[in-house]
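FYI, it's all coordinate maths here, none of it is from the lab. Computed from a prediction, not measured in an experiment: that's the story for all the values here. FYI the Cβ positions are ideal-geometry reconstructions off the backbone, even for glycines, and counts take in every protein chain you see.
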Amino acid sequence: MQTQTTSSMPVLEIRKMTQRFGGLVAVSNFSVTLGRNQLTGLIGPNGAGKTTVFNLISGFYQPSEGEIFINGTPTAGLKPHKVTSLGVARTFQNIRLWNQMSVLDNIRVAQHGSLDYGFFGAMFRTRSYVDCEAKIEKEARELLEIFELDKQADELPTNLAYGLQRKLEIVRALSEKPQLLLLDEPAAGLNSVDAQELIRLIHWIHETFDVTILLIEHHMDVVMELCSEIKVIDFGQTIAEGTPEQIRNHPAVITAYLGDDTI
């Protein structure tokens, strides 16, 4: 049997994943396969189980049933930092920035997984420590410049406009050099102008960085414009999947969002 090459291996593969919290089934028999550089949407009404899927992928929860693979590696039993080391980064529905650290330090500290010096290296400021820290700061400043946040490098995130905080969280996730980027409602709280800017930003990230993106979003115009494939869940179950046009006109999706007009 031939070994599957890295390029043809799915970046993310979920097989029949179920998550129970006591008697509540939050996610039921969920499966998805994402290849290299795909941009896929995951949508559904409030409480459908979307963020639970992200928490399972990133290792915050362990599935009650089913399997998750990142680049062919099973994540069963792995803590979140170990899942991150496989090439997974995420943002959160509610912005989670370190508000007591500068914008620059938010990027620097996110790269802790790439450190190649230990406790004694940090204590005695060895050459390895100095070189590694210099490299991390250089890369962090370059990222901030690319995303036009370099002028705010010394600011605290809490002093930034809301849209810039959203952008910073995405930049921080990208600083980990992920192969799989999970974006949890990045347009939440944005006005229409900022939402359009976000669409352009995610398009550019997808074209520029070699990264697979799975996107949760309630703004349908954002999802429909960005994603070539969309998966819809309701009450933890997959009710539809397909192209934006197929999803837009799918009866089960319309019912999930707008209700059954026969009731």
Counting Lys and Arg as +1 and Asp and Glu as -1, each charge on the Cβ, what is the dipole of the chain about the Cα centre in debye, to the nearest 20? 840 debye
If I model a spin label as a point 7 Å beyond the Cα along the Cα-Cβ vector, how far apart are those points for HIS203 and LYS151 in nm? 2.4 nm
Charged-residue dipole, Cβ positions (Lys, Arg, Asp, Glu), segment 101-155 about Cα centre, Debye nearest 20: 300 debye
Rounded to one decimal in Å, the inverse mean reciprocal Cα-Cα distance for the chain, i.e. its Kirkwood radius, is 19.7 Å
Classify segment 174-242 as rounded, prolate or oblate from the Cα gyration tensor: take a ≥ b ≥ c as the square roots of its eigenvalues, call it rounded if a/c is under 1.5, otherwise prolate when a/b beats b/c and oblate if not. oblate
Exposure proxy order (Cβ contacts within 10 Å, fewest to most) of LEU181, LEU258: LEU258, LEU181
Taking 0.36 nm per residue of separation between SER31 and ILE254 and subtracting their Cα-Cα distance, the length gained on full extension comes to 78.1 nm
For the cross-link pairs LYS16/LYS79; LYS138/LYS177; LYS16/LYS167; LYS79/LYS177, which exceed 26 Å when the distance is taken from alpha carbon to alpha carbon? LYS16/LYS167
To check you understand DSSP bridge types, tell me what percent of the beta bridges within the chain (both residues inside) are antiparallel, rounded to 5. 55 percent
Of the trypsin sites (Lys or Arg not before Pro) in segment 1-94, those whose Cβ has at most 16 other Cβ within 10 Å and which sit in DSSP loop: ARG36
Relative to 2.2 N^0.38 Å, what does the C-alpha radius of gyration of segment 203-263 come to as a ratio? Two decimals please. 1.28
Lys/Arg +1, Asp/Glu -1 at C-beta; the chain dipole; positive extreme among VAL193, VAL25, VAL222: VAL25
So what is the calculated 222 nm ellipticity per residue for the chain, using -39500 (n - 2.57) for each DSSP H run with n of 4 or more, over all residues, to the nearest 500 deg cm²/dmol? -10500 deg cm²/dmol
For the chain, take the longest principal axis of its alpha carbons; what is the angle in degrees between that and the long axis of helix 127-146, to the nearest 10 within 0 to 90? 50 degrees
Which shape class, rounded, prolate or oblate, goes with segment 29-163 when its Cα gyration tensor gives a ≥ b ≥ c as root eigenvalues, a/c under 1.5 marks rounded, and past that a/b bigger than b/c marks prolate? oblate
Arrange the following residues from fewest to most other Cβ atoms within 10 Å of their Cβ: CYS227, CYS132. CYS132, CYS227
Expressed in Å to one decimal, the Kirkwood Rh of segment 101-155 from all distinct alpha-carbon pairs is 11.7 Å
Find which of ALA134, VAL103, LEU144 sits farthest along the positive direction of the dipole of segment 101-155, computed with +1 on the beta-carbon of Lys and Arg, -1 on that of Asp and Glu, about the Cα centre. ALA134
So what's segment 38-97 giving for Rg/Rh, alpha carbon basis, Kirkwood Rh from the mean inverse pair distance? 0.96
